[in-house]
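To keep things clear, I will list the structure first and then write my remarks on it.
The values are calculated or read from the model by the stated rules, or taken from the named source; none is laboratory data. Note that the structure is predicted; figures quoted are calculated from it, not measured. Neighbour counts run over all protein chains shown; Cβ positions are idealised from the backbone, glycine included.
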Amino acid sequence: MDEHDRPLSPADPTPAGRRSFLDWLLGLSAFGTAAAIVYPVVHFVFPPPRPKGRAKGAVLAAQTSELAPGSGKVFPLGTRPAILVHTPDDKWRAFTAKCTHLSCTVTYRDDMNMIWCPCHDGRFDLTGKNVAGPPPRPLAEFTVVLKGDEVYVTEEAERG
Amino acid sequence: MDRLWAWLDDRVGLEPVRHLMAQKTVPRHRHSIFYYLGGMALFLFIIQLGTGLLLLLYYEPGVSTAYESVRRISGEIPFGWLIRSIHRWSADIFIGVLAVHMFTAYQMKAYRRPREVTWLTGVALFGVALAFGFSGYLLPWDDIAYFATSVGTQVAGVFPLVGKALLQLMRGGEDVTGATLARFFALHVVVLPFAALGLLGLHLLLVQRHGMSVPPGVTEKGRPRPFFPDFLMHDLVGWTLALALLAALAALLPAGLGPKADPFASAPADIKPEWYFYAPFQQLKMIPAHIGPFEGEVLGAVGFAVLGLLFALVPFLDRRAAREESSRAFSIAGWVVFIYLVGLTCYAWLH
């Protein structure tokens, strides 16, 4: 009978102390191996925040000729939509176009003179304040700069 | 634990599993070390499934996103480089282990009756593994990937009669484009995994049914080794070593990424396929443009296909082994082909 045929049973003559030490060592190795697999996998599964894919700066939102007083347009600001409004009293304002309720994209309603969210009838006045419907907070406002006949919007000087 | 087992046994019928675990043995003789190769291949395949699934969380197929997403995996995602590098290295080693597994099974005449179907599923699995490697190579969409795929699909295109159609089918058009990338992606993550799991299931089922093959003329040493837990424990040691090797290779030689594929740029100077395609690659480089009335590349490609077919059909060709007699001619032919392929591979590697 060669060494491999020896049955591994509690009746084995290996001293109990050495056996339990080996068991402990084996368990530790198994735990270490498992941890070395689980740790990277868990970190891999959760993505790091995406860096904002652009320099903080001005975005050309519209030409002044595009928007008569009492109108608005949605335009891309970085990776998110924003809304530019030319108010009836000839002011230019820009807000995030994502409704503060459930993130639908808002639009300008010239019949109400309001920013309106079509999903759940949320309403904001032309300063971005939530005035009716379910939205819990006002829309964040961006800085608008007029340069000749071009309207620029910057995100960094965000207010509200 | 016993109650849980009894509960499950009552409803699922686990007794055959217990019976198999108790009865399964592995023969002992001077070649029995080669019995570990199948389990090693299985382990590496599971690594490929796991890491592949993780890479799918971030990989975005498409000509404008594939390269960028792979760069993001390697550069930005925590441990992305590790997962991707292990996937690459494990693929390379997996195919190497499969090749040795197949060669030793061939030399041990494990293909003889009643294991012909086991052999055929094994050869098919090797084909699936090569297809995995070929399709996966394109997915990062860097310049080497692009040109390697152009050349590889072109080789398929030289086959008489079916070549043109095959080329169109693989590329999804005349050239390697985003359509090719979409096809290769679907092949790599849907078609091939299904094929591999089906074939593997059948292969493993047949191995359980017939047990391990003992080569003709080899005498067994002592009682067979029980599979549970003896053989499995030895397997586990091998798998742990393999995992350590993969981690070391991934850390020391992580998977690279060349410049993004540009169909209007010229091919990089040192372009080579993956190592397991070195032999046909070198063969096509060395074969003259014309041999008699035939074009050299056609002859080279068809030659390799015929070689593969003969290899798959060997259980039906080797009549002596089927009668449990020694078949030296097949052993020698196996060595000649093996040395030829290894020679070509080394030559391509060194040049």
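Details
- Residue check, B:F227 within 14 Å of another protein chain (Cβ to nearest Cβ) and either touching a Cys at 6+ places or on another chain (Cβ under 6 Å) or in contact (Cβ under 8 Å) with a residue 60 or more places away in the chain (or both): yes
- Looking at B:A301, B:A247, B:A305, just one residue is over 30 Å from B:A22 (Cβ atoms) and either modelled with pLDDT under 90 or of a type outside the set (G, A, S) (or both), and that residue is B:A301.
- Residue match in the range B:281-297 (condition: out of contact with any Pro (no Cβ under 9 Å at 6 or more places or on another chain), within 14 Å of chain A (Cβ to nearest Cβ) and crowded, with 16+ Cβ neighbours inside 10 Å): no
- Residue-level check: of (1) touching a helix residue (DSSP H, G or I) at 6+ places or on another chain (Cβ under 6 Å); (2) among the hydroxyl-bearing types (S, T, Y); (3) crowded, with 22+ Cβ neighbours inside 10 Å, B:S74 misses just (3).
- Positions within the range A:105-160 being out of contact with any Lys or Arg (no Cβ under 6 Å at 6 or more places or on another chain), among the aromatic types (F, W, Y) and under 16 Å from A:S71 (Cα atoms), in sequence order: A:Y108, A:F124
- Entirely in the range A:61-160, the strands (runs of 3 or more DSSP E) that have 1 or more residues that are closer than 23 Å to A:P49 by Cα: A:71-77, A:80-86, A:92-96, A:141-147, A:150-159
- Scan the range B:8-33 for residues that are loosely packed, with under 11 Cβ neighbours inside 10 Å and hydrophobic (A, V, I, L, M, F, W, C) and the total you get is 2.
- Test for B:H101: is it in contact with a Leu (Cβ under 7 Å, 6 or more places away or on another chain), within 13 Å of chain A (Cβ to nearest Cβ) and either buried (at least 22 other Cβ atoms within 10 Å of the Cβ) or at pLDDT 95 or above (or both): no
- Scope the range B:53-71; condition within 13 Å of another protein chain (Cβ to nearest Cβ) and surrounded by fewer than 16 Cβ atoms within 10 Å (Cβ to Cβ); matching residues: B:L53, B:L56, B:L57, B:E60, B:E68
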